[in-house]
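Written below as structure tokens is the structure these notes are about.
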Amino acid sequence: MLLKKNIPLKYIFGKVKYEVTFVAIYATCIVIWDKYFHVINISIPLSVPMVLGTVLSLLLAFKSNQAYDRWWEARIIWGAIVNDSRTLTRQLLSFVSDPYVSVQLKEFQDRFINRQIAWCYALGQSLRNKPITEEIREYLTPDELVFVSKHDNIPNALLQLHGRDLKELLEEGLVNKYQQIELDKTLSRLCDSMGKCERIKNTVFPVTYSLYIHFSLFFFILLMPFALLDTFGIMEIPMVITIAIAFFLIEKMAIHLQDPFENKPTDTPVTAIARTIEINLKQMLNESKLPEKIKAGESDYYLL
């Protein structure tokens, strides 16, 4: 997630450097050919690119809105994961007997809640197609690591272990049926959130829609020098470059926002959120040794 401050211009303009370089060379060639070689004698009314630019603006606005909706939905889902992780921990600690009465029960709760922390990290790593096992090793027992290593979907395997433990609590009489139902509802909400994230990850933004807009944008930029040349002369070069930068940046913004789980600066900050969850849950366990929150350093301008 990009932060409010310290976004370097190098990052912003680096996204469109190749397109802008092409436009600058193209606009310069048009001026040179027209002024010195008189090769080009084409004049296009300014109204033509204006109409095309208006249509492109509407299409880019629609695409940007749709892309932002995907990004914002991903952020809402991870907000729900934060709430449900806290709820699950609170239910486990309050529904069951005082954890300080039984050492065995305290160990059970510690193991369960650490597994929930592992689930949050595992889901984020899974969405970004990154290795998971090493990331969650410290939160799981050896038997749990062996179990999840046999599954392709590790977050789903961790929820399965949650379900087994809840069944064990019910069978041993540590929770009643109504409490077990509430715990299972919380697990179901976590599973729903996982499925929603996977839907966003695996649903490709319509490729033809993006491709047609991209081609139309280039056609619009190619027409601009011919429409501005008679009026502005050599000054059409910086004008065309400025207009191109504005349109290309909007297009790039939409392209990055439409995929919020690609390990990019514009991503939903799932790792930072998972760290916040870890701190909250460990505080609920009355642990004194807590990890530090993930913060952007002086040279960083985003959180992952």
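Here residue 17 clears all of (1) closer than 18 Å to residue 247 by Cα; (2) modelled with pLDDT under 80; (3) not aliphatic (A, V, I, L, M) except the condition numbered (2).
Set side by side, the residues 112, 108, 95 differ, and just one is surrounded by fewer than 17 Cβ atoms within 10 Å (Cβ to Cβ), aromatic (Phe, Trp, Tyr) and touching a residue at least 24 places away in the same chain (Cβ under 8 Å), which is 95.
Annotation: of all residues in segment 96-152 being of a type in the set (Gly, Ala, Ser) and assigned to a helix (DSSP H, G or I), the one that is modelled with the lowest pLDDT is 149. For segment 168-191, residues that are touching a helix residue (DSSP H, G or I) at 6+ places or on another chain (Cβ under 8 Å) and basic (Lys, Arg) total 2. Can you tell me which residue within segment 245-281, out of those that are charged (D, E, K, R) and touching a residue at least 40 places away in the same chain (Cβ under 8 Å), is surrounded by the most Cβ atoms within 10 Å (Cβ to Cβ)? Here the answer is 267.
Quick check on segment 213-231. Is at least one of its residues farther than 29 Å from residue 12 by Cα and part of a helix (DSSP H, G or I)? Yes, that holds for at least one residue. Restricting attention to segment 188-209, the residues that are in contact (Cβ under 8 Å) with a residue 24 or more places away in the chain, in a helix (DSSP H, G or I) and closer than 20 Å to residue 72 by Cα add up to 10.
The set of residues from segment 6-32 being assigned to a helix (DSSP H, G or I), surrounded by fewer than 17 Cβ atoms within 10 Å (Cβ to Cβ) and not aromatic (Phe, Trp, Tyr) comprises 9, 10, 12, 14, 17, 21, 24, 25, 28, 29, 32. Contact map, segment 47-74: first residue more than 16 Å from residue 243 (Cα to Cα) and of a type outside the set (Val, Ile, Thr), second residue in a helix (DSSP H, G or I) and modelled with pLDDT of 90 or more, Cβ cut-off under 7 Å, separation 6 or more or different chains; pairs are 70/200; 73/200; 74/197; 74/200. Can you say whether residue 238 is closer than 24 Å to residue 217 by Cβ and either without any contact (Cβ under 8 Å) to a residue 40 or more places away in the chain or touching a Lys or Arg at 6+ places or on another chain (Cβ under 8 Å) (or both), as far as the supplied structure shows? So residue 238 fits the description; yes.
Does at least one position in segment 240-255 carry a residue that is modelled with pLDDT under 85 and of a type outside the set (Val, Ile, Thr)? Checked segment 240-255: no residue is modelled with pLDDT under 85 and of a type outside the set (Val, Ile, Thr). Of all residues in segment 146-187, those that are free of Cβ contacts under 8 Å to residues at least 40 places away in the same chain and within 27 Å of the chain's Cα centre (by Cα) total 11. Scanning segment 176-222 for residues that are in contact with a Pro (Cβ under 7 Å, 6 or more places away or on another chain) and surrounded by fewer than 15 Cβ atoms within 10 Å (Cβ to Cβ) turns up nothing. Residue 304 versus (1) outside any helix (DSSP H, G or I); (2) out of contact with any Ser or Thr (no Cβ under 8 Å at 6 or more places or on another chain); (3) over 30 Å from residue 50 (Cβ atoms): which is the lone unmet condition? Every condition holds for residue 304 apart from (2).
In this structure, residue 260 does not qualify as under 20 Å from residue 135 (Cα atoms), of a type outside the set (Lys, Arg) and not in a helix (DSSP H, G or I).
The values are calculated or read from the model by the stated rules, or taken from the named source; none is laboratory data. Not measured: the values here are computed from a predicted model. Positions of Cβ are backbone-derived with ideal geometry, glycine not excepted, and every protein chain shown enters the neighbour counts.
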